[in-house]
Amino acid sequence: MGMTMSQKILAAHAGLDEVKAGQLIEANLDLVLGNDITSPVAINEMKKMDKKTVFDKDKIALVMDHFIPNKDIKSAENCKCCRDFACSHEISNYFDVGEMGIEHALLPEKGLVVAGDAVIGADSHTCTYGALGAFSTGVGSTDMAAGMVTGKAWFKVPSAIKFELVGKPNKWVGGKDVILHIIGMIGVDGALYKSMEFVGDGIQYLSMDDRFTICNMAIEAGGKNGIFLVDGAAIQYMKEHSKREFTVYEADPDAEYEESYVIDLSELKPTVSFPHLPSNTKTIDQVGEVKIDQAVIGSCTNGRMDDMRAAAEVLKGRKVAKGVRCIVIPATQAIYLQAMREGLLEIFIEAGAVVSTPTCGPCLGGYMGILAAGERCISTTNRNFVGRMGHVDSEVYLASPAVAAASAVAGKIICPCQLD
């Protein structure tokens, strides 16, 4: 029996000719990632180990992004812990205020992940890098500590689900709508500990930013990882952003999949996830009258350049509705700068939105957009659990940047086409 894309990457990193679903392996790692919340725990765990040095100072990335700039004393202490560790171990890829960004947008932008890599990160949305044809997955802080010391991690080889994407999406339908549709279809545990593998001719109509969004939310379907077939667009992206060599793995013709789905992108509509699960989805024509208090456009899911442009296209020449707070957060300094050069920040501010330095902030109920009891927010983030963005009696609705921007203008959840 042949192997899937993920299985081939894991086999190569374990030094094996082949692996099978369910097999336990130890694999060499190309990158170990942590942020300002998870890294201090890993650093403290590492102190308990016999070996006190990192396996490779160039293969560890520490990104200060969740509470940056620091919101309180605790977050400042966490970042100082990471800063001191990075200094003492001469970590090459340490990103703090002034050069930081939201980790899962920053690492591909910096060229730190390429096709064929095996990556772990102490953050559940590490699965984002599958858009580049890498095997990447989230782990706990203890596993991060072990990875920093040994350069290895153990895995149970995942089985896989194949998603064949066909057709061309219509206007205002993007990667967020694709993944929300899939999660709504299979549920939040539909891909539990499975590799979600995306293939098909429809991929050509999805930008790299779309693909990052789709893989980012593989975890919201329970997936171990998400991964795209590497095509010309992915190769071009890697050549533009990285000097590293990469390896493209394709699934064998006889690779075994537990399930296979065909998704016709031309049939999809803008999709909204209602509280309190990402799987509680409705297409835009099923939403009804849902008034909002806040709109957040950003995060590791939808804070990239395509997202900024889509939101600006909707907001240009329009005003955010009275009583609605619209918060725009470019995911990295480079995206912030590019948005400024293109005049997008001016569009946002003239529309009545505020623009923040890169931060995860509101996504996890950290800061920069906390909700009070009874408030509703439409957000381009990835989770809408109870209390995710503030008070347990608040509500979060997940949507694309275009729908979030249109909703900010209307004061209720609508499609951009309804503004015309």
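Under 9 Å between Cβ atoms, at least 6 apart or on separate chains: pull out the pairs that start in segment 15-34 with a residue that is over 21 Å from Ala160 (Cβ atoms) and touching a residue at least 24 places away in the same chain (Cβ under 8 Å) and end on any residue that is open to solvent by less than 50 Å² (accessible area, probe 1.4 Å) and aromatic (Phe, Trp, Tyr).
Cβ pairs passing all conditions: Leu31/Tyr129.
Taking segment 377-406 as the region of interest, how many residues are assigned to a loop (DSSP other than H, G, I, E, B), open to solvent by less than 10 Å² (accessible area, probe 1.4 Å), out of contact with any Phe, Trp or Tyr (no Cβ under 8 Å at 6 or more places or on another chain) and farther than 19 Å from Leu419 by Cβ?
Of the residues in that region, 4 qualify.
Ile161 - would you say it is touching a residue at least 40 places away in the same chain (Cβ under 8 Å), farther than 23 Å from Pro40 by Cα, part of a strand (DSSP E or B) and aliphatic (A, V, I, L, M)?
On the way: touching a residue at least 40 places away in the same chain (Cβ under 8 Å): yes; farther than 23 Å from Pro40 by Cα: yes; part of a strand (DSSP E or B): yes; aliphatic (A, V, I, L, M): yes.
Spelling it out, Ile161 is indeed touching a residue at least 40 places away in the same chain (Cβ under 8 Å), farther than 23 Å from Pro40 by Cα, part of a strand (DSSP E or B) and aliphatic (A, V, I, L, M).
Which residue pairs have Cβ atoms closer than 7 Å, lie 6 or more positions apart in sequence or on different chains, and pair a first residue in segment 264-285 that is basic (Lys, Arg) with a second residue that is open to solvent by 10 Å² or more (accessible area, probe 1.4 Å)?
Filtered contacts from segment 264-285: Lys269/Val173; Lys269/Thr283; Lys269/Ile284; Lys269/Asp285; Lys282/Phe274.
Go through the residues of segment 273-289 one by one and say whether even a single one is of a type in the set (Gly, Ala, Ser), within 26 Å of Ala351 (Cβ to Cβ) and part of a loop (DSSP other than H, G, I, E, B). Steps first, answer last, please.
First, the residues of segment 273-289 that are of a type in the set (Gly, Ala, Ser): 273, 279, 288.
When the remaining residues are screened for being within 26 Å of Ala351 (Cβ to Cβ), the result is 273, 288.
Of the ones still in play, those that are also part of a loop (DSSP other than H, G, I, E, B) are 288.
Scanning segment 273-289, I find at least one residue that is of a type in the set (Gly, Ala, Ser), within 26 Å of Ala351 (Cβ to Cβ) and part of a loop (DSSP other than H, G, I, E, B), so the answer is yes.
Could you tell me which of the residues Ser195, Ser141 is more than 29 Å from Asp307 (Cα to Cα), touching a helix residue (DSSP H, G or I) at 6+ places or on another chain (Cβ under 9 Å) and either open to solvent by less than 30 Å² (accessible area, probe 1.4 Å) or aliphatic (A, V, I, L, M) (or both)?
Numbers: Ser195 fails: more than 29 Å from Asp307 (Cα to Cα).
Unique residue meeting the criteria: Ser141.
From Gly187, Gly167, Gly151, grab the single residue that is in contact (Cβ under 8 Å) with a residue 12 or more places away in the chain, within 20 Å of Asn382 (Cα to Cα) and surrounded by fewer than 21 Cβ atoms within 10 Å (Cβ to Cβ).
On inspection, the qualifying residue turns out to be Gly187.
Out of curiosity, is Glu26 loosely packed, with under 15 Cβ neighbours inside 10 Å, at pLDDT 95 or above and in contact with a helix residue (DSSP H, G or I) (Cβ under 7 Å, 6 or more places away or on another chain)?
Values: loosely packed, with under 15 Cβ neighbours inside 10 Å: yes; at pLDDT 95 or above: yes; in contact with a helix residue (DSSP H, G or I) (Cβ under 7 Å, 6 or more places away or on another chain): yes.
Yes; evaluated as a whole, the condition is true for this residue.
Could you please give the count of residues in segment 296-332 that are hydrophobic (A, V, I, L, M, F, W, C), surrounded by fewer than 24 Cβ atoms within 10 Å (Cβ to Cβ) and under 18 Å from Glu109 (Cβ atoms)?
Residues in segment 296-332 being hydrophobic (A, V, I, L, M, F, W, C), surrounded by fewer than 24 Cβ atoms within 10 Å (Cβ to Cβ) and under 18 Å from Glu109 (Cβ atoms): 1 in total.
Among the residues of segment 335-347, are any of a type in the set (A, V, I, L, M, F, W, C), in contact (Cβ under 8 Å) with a residue 40 or more places away in the chain and part of a loop (DSSP other than H, G, I, E, B)? Talk me through it step by step, then tell me what you get.
Going through segment 335-347, the residues of a type in the set (A, V, I, L, M, F, W, C) turn out to be 335, 337, 339-340, 344-345, 347.
Within this subset, residues satisfying the condition of being in contact (Cβ under 8 Å) with a residue 40 or more places away in the chain are 335.
The next check asks that each one be part of a loop (DSSP other than H, G, I, E, B); those that pass are none.
Scanning segment 335-347 turns up no residue that is of a type in the set (A, V, I, L, M, F, W, C), in contact (Cβ under 8 Å) with a residue 40 or more places away in the chain and part of a loop (DSSP other than H, G, I, E, B).
List pairs: first residue in segment 72-87 and farther than 14 Å from Ala42 by Cα, second residue open to solvent by less than 60 Å² (accessible area, probe 1.4 Å) anywhere in the structure, Cβ distance under 7 angstrom, at least six positions apart or on different chains.
Every condition considered, the pairs that remain are Ser75/Asp36; Ser75/Phe67.
Open to solvent by 30 Å² or more (accessible area, probe 1.4 Å), in contact with an Asp or Glu (Cβ under 6 Å, 6 or more places away or on another chain) and either assigned to a strand (DSSP E or B) or not β-branched (Val, Ile, Thr) (or both): which single residue out of Lys8, Lys57, Lys80 fits that description?
Details: Lys8 fails: in contact with an Asp or Glu (Cβ under 6 Å, 6 or more places away or on another chain); Lys80 fails: in contact with an Asp or Glu (Cβ under 6 Å, 6 or more places away or on another chain).
Residue meeting the stated conditions: Lys57.
What's the total number of residues in segment 198-243 that are open to solvent by 40 Å² or more (accessible area, probe 1.4 Å) and assigned to a helix (DSSP H, G or I)?
11
The values are calculated or read from the model by the stated rules, or taken from the named source; none is laboratory data. None of these values were measured; they are calculated from a predicted model. Reconstructed Cβ throughout: ideal geometry from the backbone, glycine too, with neighbour counts over all protein chains shown. Accessible surface is based on the protein model in full, side chains and every heavy atom, while ligands, DNA and RNA are left aside. Shrake-Rupley method; radii C 1.70, N 1.55, O 1.52, S 1.80 Å.
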